[in-house]
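See below for the structure under consideration.
The values are calculated or read from the model by the stated rules, or taken from the named source; none is laboratory data. Predicted, not measured: the structure shown is a model, and the values here were computed from it. With ideal geometry, Cβ positions are generated from the backbone for all residues, glycine too; neighbour counts draw on all protein chains shown.
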Amino acid sequence: MKKTIKTSLQGSVFFMDDDAFNELSRYLEEIGNRLASQEERDEIIQDIETRIAEIFSDRLGGKREVVTRGDVTAVISLLGRPEDIIDAGSEEPSSAPGTPPAGTGPHKRLFRDPDNAVLGGVCGGLGAYFNIDPVWFRVAFIVLTFLYGSSILIYLLMWLIIPEAKTAAQRLEMAGQPVNLSNISKNISQEFHKVKNNLKTIPESDGYRRSRNALQEFVRVIGEILLVGLKILGILIGTVFVLTGLIILIALMGTFFFHFAYLTPHIHVASFFNLQDALAIFTRPENVPYILGSLALTVGIPLLALIYAGVKLIFNIRTRNRIAGAIVFVIWLISVVSLTFFIIDTASNYSKSARINEITPLNISPADTLFIKCTPDKRSMNDFFKIDDFHLFRSPGNNELAGRPYFKIVNAGHHNPELEIYRKALGATRRDAIEHAEDIVTTWKTGNNTLYIDPWYTYSQHWFGQTVDYTLRVPEGTVICVDEELYLHFAPIITDDGYISYDIPGKCWVMTEEGRLERAE
Amino acid sequence: MGIKIENAQAQMRKGVLEYCILSIISRNSCYASDILKELKEARIIVVEGTLYPILTRQKNAGLLSYRWEESTQGPPRKYYELTKTGQEYLRELDKAWKDLIDAVEKIRNKKK
């Protein structure tokens with residue numbers, strides 16, 4: 001028992017057995033593939049189908065019902081094999097001398113061109129693929145090196161991914177037909193044509209098998225439609241992969257080797273910080289190259305893999321190099337592990353904290369008015385680093401880091417006026433933390449009933465969570481006039497009851513019994 | 001060497017086939033199978049399939065036109081005929097053919 005398929009050939013209906021049908025569709029498809037222009041192809045195939053219908057009718061002669069494989073073989077020997085038909089009859093009028101023969105078919109593949117190579121033949125291959133002078137690709141690659149050298153990486157990547165055209169067939173495929181819109185649409189319409197033809201065939205068989213065959217046929221046709229959709233989707237997804245990968249890669253190259261960009265909306269960095277500087281401030285300086293390296297690999301490998309996958313999707317490259325993949329994966333794992341190690345190591349530098357305080361009596365009589373002013377601020381700390389509330393400033397000479405101290409005004413009770421300075425820092429051990437706190441430089445002086453405070457505290461080139469709190473203790477009833485300038489330089493001034501005020505600078509205040517400041521007239 | 005002779009024959013036939021097809025159509029409008037029959041009788045064509053691309057291209061080049069005619073057996077048929085351009089083109093080919101034969105004969109018959 002054999003399955004038969006009801007087929008229509010230009011209006012004549014035939015029942016064909018499975019083998020015959022498959023062979024005939026292959027034959028027609030192959031002829032179609034050899035014809036370059038869509039118009040010609042449809043018409044020639046129609047004419048040939050008409051002729052095939054005639055031959056079938058003759059051969060069946062009313063005695064047989066079903067077209068068999070023998071009939072198809074007879075048709076092919078009468079009409080000729082596809083290569084006989086198209087090669088013999090087609091001196092394509094439009095093809096200028098020197099253009100590749102149409103017989104190479106519509107499938108063009110991307111290869112590296114060893115005959116037209118400066119380095120790896122990537123640009124030569126791209127030129128052949130897009131039918132553009134390779135010089136343009138070379139110029140583009142060279143110009144794009146200014147984007148932090150990203151094009152060098154991309155070139156190396158493409159050198160790796162794209163296979164070299166080694167055989168004559170591959171060179172022909174590389175030359176192929178130009179990939180332009182009309183040819184792409186031709187390829188796609190060819191696929192649709194195939195699907196449409198399949199839709200035209202109505203499956204037919206005896207008895208209970210019928211529905212099953214219909215279902216199989218339906219599934220096959222749906223499958224082919226999906227295949228065309230998938231190819232288009234593959235190109236789209238590939239493009240998104242490549243673009244995303246490139247954009248992030250270029251941004252990261254900028255971050256790694258040049259100045260910081262905005263990483264997130266919460267991180268603002270002024271012009272002079274770059275990643276090395278930032279790492280040198282937060283980690284052991286001798287580790288910085290290793291951290292940079294493992295960071296680059298941890299982030300870069302997945303990005304390059306994304307671009308790799310994208311290029312493969314777009315150009316339909318089917319190479320698989322398991323060993324290289326495994327090696328890259330192991331490198332990535334090592335870099336992740338070492339990055340983790342560095343993070344833990346860095347964090348251990350901040351595990352203990354210490355606080356040093358220092359109390360200085362102020363030589364101010366309680367009856368007098370105390371003025372608080374800033375020492376003239378000659379330093380401009382343009383260089384800064386800010387994550388949410390965390391600020392880090394750097395002096396122009398890069399030899400010290402700086403921060404803004406907190407300033408607190410509280411009731412001294414029965415004591416004389418005094419200034420207490422807390423210096424706080426972190427360290428790997430308590431001893432380290434104390435050392436780091438002692439390193440903090442604060443400057444202030446008194447004279448003429450005035451307390452002059454430096455609006456900055458400074459410390460060495462490494463960050464250990466250094467902070468400084470000034471606490472001014474004055475007896476009840478003391479009048480304090482705070483210079484307006486403090487508003488610009490200090491964090492809000494805090495009073496005893498935890499009251500935080502931005503209003504205190506620029507006005508005079510009286511210390512109350514509860515430790516609050518009240519407006520003095 | 002056999003392969004080369006076949007190639008040469010195929011090359012010769014290819015050039016002449018177009019001319020033969022136009023000549024057949026110039027006598028009477030006809031459809032593909034009529035043309036095939038004559039070409040086969042004359043043994044100028046080896047496989048039938050070769051005819052169709054040539055017809056389509058000649059039609060697209062404006063040498064041929066066709067009309068549909070109902071047929072008693074099977075689907076309607078395409079009947080080809082020469083256009084005005086086609087007739088002029090054929091006249092040129094006639095002349096070229098004559099020149100070619102003269103040239104070949106002259107060379108072949110020349111005594112040493």
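Do we find that A:SER8 is at pLDDT 80 or above and either in contact with an Asp or Glu (Cβ under 7 Å, 6 or more places away or on another chain) or within 12 Å of chain B (Cβ to nearest Cβ) (or both) in this structure? In short, yes.
Of all the listed residues (B:ASP94, B:ASP34), the sole one being in a helix (DSSP H, G or I) and within 23 Å of A:GLU43 (Cα to Cα) is B:ASP34. From the list A:THR458, A:THR471, the one residue that fits, being surrounded by fewer than 20 Cβ atoms within 10 Å (Cβ to Cβ) and in a strand (DSSP E or B), is A:THR471.
Just one residue in the set A:ILE421, A:ILE440, A:ILE434 is more than 25 Å from A:THR346 (Cβ to Cβ) and either hydrophobic (A, V, I, L, M, F, W, C) or modelled with pLDDT of 85 or more (or both); that residue is A:ILE421. Here A:LYS373 does not qualify as charged (D, E, K, R) and modelled with pLDDT of 90 or more.
Of the residues contained in the range B:37-49, one or more are found to be within 14 Å of chain A (Cβ to nearest Cβ), under 12 Å from the mean Cα position of the chain (by Cα) and outside any helix (DSSP H, G or I).
For the range B:59-84, how many residues meet the condition of being more than 14 Å from chain A (Cβ to nearest Cβ), of a type outside the set (Lys, Arg) and surrounded by fewer than 18 Cβ atoms within 10 Å (Cβ to Cβ)?
Within the range B:59-84, the first condition is being more than 14 Å from chain A (Cβ to nearest Cβ), and the residues that meet it are B:67, B:81-84.
If we keep only those that are of a type outside the set (Lys, Arg) too, we end up with B:81-83.
Those still in the list that are surrounded by fewer than 18 Cβ atoms within 10 Å (Cβ to Cβ) too: B:81, B:83.
Summing the residues that are more than 14 Å from chain A (Cβ to nearest Cβ), of a type outside the set (Lys, Arg) and surrounded by fewer than 18 Cβ atoms within 10 Å (Cβ to Cβ) in the range B:59-84 gives 2.
Considering only residues in the range A:50-87 that are out of contact with any helix residue (DSSP H, G or I) (no Cβ under 7 Å at 6 or more places or on another chain) and under 13 Å from A:SER12 (Cβ atoms), the one that is farthest from the other protein chains (Cβ to nearest Cβ) turns out to be A:LEU60.
Considering (1) within 23 Å of A:ILE31 (Cβ to Cβ); (2) at pLDDT below 90, the lone condition that B:CYS20 does not fulfil carries the number (2).
Cβ separations smaller than 7 Å between residues 6+ apart or across chains give the following pairs from the range A:235-255 residues that are closer than 15 Å to A:THR145 by Cα to residues that are outside any helix (DSSP H, G or I): A:ILE250/A:LEU147; A:ILE250/A:TYR148; A:ALA251/A:ALA261; A:MET253/A:TYR148; A:MET253/A:GLY149; A:GLY254/A:TYR148; A:GLY254/A:ALA261.
Can you name every residue in the range A:318-371 that is assigned to a loop (DSSP other than H, G, I, E, B) and among the polar types (S, T, N, Q)? Full working, then the answer.
First, the residues of the range A:318-371 that are assigned to a loop (DSSP other than H, G, I, E, B): A:318-321, A:349-351, A:362-368.
Of everything in the range A:318-371, those that are assigned to a loop (DSSP other than H, G, I, E, B) and among the polar types (S, T, N, Q) turn out to be A:THR319, A:ASN321, A:ASN349, A:SER351, A:ASN363, A:SER365.
The residues of the range A:299-338 that are surrounded by fewer than 19 Cβ atoms within 10 Å (Cβ to Cβ), more than 29 Å from A:LEU110 (Cα to Cα) and within 20 Å of the chain's Cα centre (by Cα), listed by number, are A:LEU333, A:VAL336. Of the helices (runs of 4 or more DSSP H) lying entirely inside the range A:36-91, those containing at least 2 residues that are among the hydroxyl-bearing types (Ser, Thr, Tyr) and either surrounded by fewer than 15 Cβ atoms within 10 Å (Cβ to Cβ) or at pLDDT 85 or above (or both) are A:38-60, A:69-79. Report whether or not A:LEU292 is farther than 26 Å from A:GLY238 by Cβ, in contact with a Phe, Trp or Tyr (Cβ under 9 Å, 6 or more places away or on another chain) and at pLDDT below 90. Yes, satisfied.
The residues in the range B:20-36 that are within 13 Å of another protein chain (Cβ to nearest Cβ) and within 11 Å of the chain's Cα centre (by Cα) can be counted, and the count is 4.
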